[in-house]
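What follows is a set of notes on a single structure, which appears directly below.
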């Protein structure tokens with residue numbers, strides 16, 4: 001019997017990575033409903049009922065082309081959704097309206113406990129705290145570079161002096177502009193002389209630099225593991241994608257097991273891990289992005305990443 005339960009794909013309008021997964025789902029004849037929370041209004045409506053039916057949540061999600069029975073959702077791919085900002089409203093009204101969408105539409109979707117989530121947004125959020133990431137990685141036996149999180153300038157200067165090279169990293173990527181120009185937070189070198197009293201305003205993350213020869217991006221999708229070695233010669237390879245070269249590698253079984261355990265700790269079924277490779281060939285933990293980009297790696301290496309996502313969403317169960 002054909003399974004007609006749909007897969008929900010929540011993402012922004014222009015998302016080539018989501019397109020790749022949807023194409024694979026279409027090849028499998030799996031029903032797909034794509035939507036973006038930013039379209040809340042005439043182009044996206046939700047009706048949910050609680051307490052008057054057998055299912056914990058009953059209702060419909062409607063787009064201009066689809067109507068989805070929320071009790072029949074197979075899986076949810078929470079990719080890169082955007083929330084509405086209601087620019088046509090005043091500041092207070094816009095803030096109020098945005099909160100109603102996030103806690104009404106979002107809360108209704110978050111309450112669905114039958115579908116497989118890739119990944120549940122609340123679990124994504126819990127996994128994005130870098131101090132927690134560092135602690136869990138160390139607990140699981142992964143090598144973690146010496147790292148300091150502080151808003152004490154003296155502590156920061158002392159840490160920098162104690163190590164040959166140190167970088168500053170943002171604790172959370174945030175849209176930011178300076179004089180109208182978008183600014184991105186790279187992993188940038190820092191010296192003790194550069195640290196001043198402004199550090200006291202907010203916590204900062206300082207990390208000893210790994211004497212690396214390459215980086216690894218490891219994507220785990222259910223039980224599938226894709227490991228790609230990235231050659232760049234740069235401290236932060238994200239600065240220039242045109243200068244990168246790639247090769248597919250086998251991840252040591254011990255590391256693969258630790259990374260799977262990492263995802264299980266946070267209740268995730270997928271994640272993108274960044275590791276560094278030192279001169280001895282040892283791997284060092286850098287970070288996890290629970291919902292990281294990977295589409296360019298499939299195009300560069302031919303790895304069947306989108307097919308792995310489609311298969312996981314099609315099965316609709318935790319592997």
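For every residue, the table says whether it meets (1) in contact (Cβ under 8 Å) with a residue 12 or more places away in the chain; (2) under 16 Å from residue 212 (Cα atoms); (3) touching a strand residue (DSSP E or B) at 6+ places or on another chain (Cβ under 7 Å).
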{"residue": "223", "(1), (2), (3)": "yes, no, no"}
{"residue": "243", "(1), (2), (3)": "no, no, no"}
{"residue": "248", "(1), (2), (3)": "yes, no, yes"}
{"residue": "253", "(1), (2), (3)": "no, no, no"}
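Quick check: anything in segment 213-221 without any contact (Cβ under 8 Å) to a residue 12 or more places away in the chain and either under 20 Å from residue 308 (Cβ atoms) or surrounded by 14 or more Cβ atoms within 10 Å (Cβ to Cβ) (or both)?
Restricting attention to segment 213-221, the residues satisfying the condition of being without any contact (Cβ under 8 Å) to a residue 12 or more places away in the chain are none.
Among the residues of segment 213-221, not one is without any contact (Cβ under 8 Å) to a residue 12 or more places away in the chain and either under 20 Å from residue 308 (Cβ atoms) or surrounded by 14 or more Cβ atoms within 10 Å (Cβ to Cβ) (or both), which makes the answer no.
When you go through (1) loosely packed, with under 14 Cβ neighbours inside 10 Å; (2) not in a strand (DSSP E or B) one by one for residue 5, which number turns out not to apply?
Going through the list (1) loosely packed, with under 14 Cβ neighbours inside 10 Å; (2) not in a strand (DSSP E or B), residue 5 breaks only (1).
Among 112, 70, which is the only one that is buried (at least 18 other Cβ atoms within 10 Å of the Cβ), over 28 Å from residue 289 (Cβ atoms) and at pLDDT below 95?
70
Which residue is surrounded by the most Cβ atoms within 10 Å (Cβ to Cβ), if the candidates are limited to segment 280-302 and must be within 15 Å of the chain's Cα centre (by Cα) and part of a strand (DSSP E or B)? Full working, then the answer.
Here is the first cut: in segment 280-302, the ones within 15 Å of the chain's Cα centre (by Cα) are 286-295.
Subsequent filtering for residues that are part of a strand (DSSP E or B) retains 286-289.
On the way: 286: 22, 287: 17, 288: 24, 289: 18.
Only one residue tops the list, namely 288.
In segment 33-59, what residues are in a strand (DSSP E or B) and over 21 Å from residue 13 (Cα atoms)? Quick ask: steps written out before the conclusion?
Just the residues of segment 33-59 that are in a strand (DSSP E or B), to begin with: 33-35, 41, 44-49, 58-59.
Hits for segment 33-59 are 47, 48, 49, 58, 59.
Looking at segment 256-271, is at least one residue more than 21 Å from residue 131 (Cα to Cα) and free of Cβ contacts under 8 Å to residues at least 24 places away in the same chain?
yes
Part of a strand (DSSP E or B), within 25 Å of the chain's Cα centre (by Cα) and crowded, with 17+ Cβ neighbours inside 10 Å - does that describe any residue in segment 14-22?
No: segment 14-22 contains no residue that is part of a strand (DSSP E or B), within 25 Å of the chain's Cα centre (by Cα) and crowded, with 17+ Cβ neighbours inside 10 Å.
Of the conditions (1) out of contact with any helix residue (DSSP H, G or I) (no Cβ under 9 Å at 6 or more places or on another chain); (2) assigned to a loop (DSSP other than H, G, I, E, B); (3) under 27 Å from residue 123 (Cβ atoms), residue 164 fails just one. Which one is it?
Condition (3) is where residue 164 drops out.
The values are calculated or read from the model by the stated rules, or taken from the named source; none is laboratory data. Since this is a predicted model, take the numbers as computed values, not measurements. All Cβ positions, glycine included, derive from the backbone under ideal geometry; neighbour counts span all protein chains shown.
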